[in-house]
Amino acid sequence: MPDQDLRLSSPSALRNRGPILDLLRDVLPERGEVLEIASGSGEHIIHFASLLPELTWQPSDPSPVARASVQEWVRTEGLTNVLTPLDIDTSSENWPIERADAMIAINMVHISPWAATLGLLKGAGRLLPTGGALVLYGPYRRAGEPLVASNEDFDADLRLRNPAWGIRFLEEVASTAEQFGLAMTSVVEMPANNLGVVFRRQ
């Protein structure tokens, strides 16, 4: 019986990794360590690591299944600039890492309780150096603007799956980030009604 393939695959990751990479090229440092929160299948970080080889990539996920998937992707792709995935629950005060030159979190804020976003922002304020970037990707509400129909349906589905999930107001995320020394420096329109949001540690 052949060994089980532990690699997960996400169609959305394959669709959006190109535009996200373009954004990362503009905001990440040339060298250093990039911490990814909620790495999921690992397909994003594998893609970024293969095309930005001067950076060291630190994946993380609270799910052991996701961490196993990341490790298997790293092994099969033969990448040497991706570290062993960490078990990070952002809502916990104790993270097994003390610093990062930049951080990314893709499709996490809306598929987790608000406490996870609060912990993410607090952690970024603690780990990042002055000027270090936190890059978020996903759908957001914006004050005074209705959600497009597809995101309205998506939000309703999220809340059915877990009442603590849902598409957040960008303004609330930004004002909370300020409490932890993070300033929102750019918002980039992305495919499928998503946003790329960049914060910098002040």
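Any read-out appearing in this document is the output of simple, stated calculations on the displayed coordinates, not a laboratory observation. Treat the numbers as computed from the prediction; the structure is a model and nothing was measured. Cβ placement follows ideal geometry from the backbone for every residue including glycine, while neighbour counts extend to all protein chains displayed.
Before moving on, here are some points about what is shown:
- Amide proton proximity set for R141, modelled H, under 5 Å, gap of 5+: R168, F169, L170
- Only beta bridges with both residues in the chain are counted; by DSSP, about 50 percent of them are antiparallel.
- Each label point was placed 7 Å from the Cα along the Cα-to-Cβ direction; for Q202 and I111 their separation is 3.2 nm.
- Residues whose amide H falls under 5 Å from that of E36, counting only those 5 or more places apart or on a different chain, are Q58, S60, I104, with hydrogens built in the peptide plane.
- Distance between the pseudo-spin-label points of E54 and R142 (7 Å out from Cα toward the beta carbon): 3.2 nm.
- Residues E171, E36, sorted so that the one with the fewest Cβ neighbours within 10 Å comes first: E171, E36
- Between E77 and L6, residue separation times 0.36 nm minus the direct Cα-Cα distance comes to 24.2 nm.
- Column: log10 I(q)/I(0), Debye, Cα scatterers of segment 51-202, q = 0.14 Å⁻¹: -0.75
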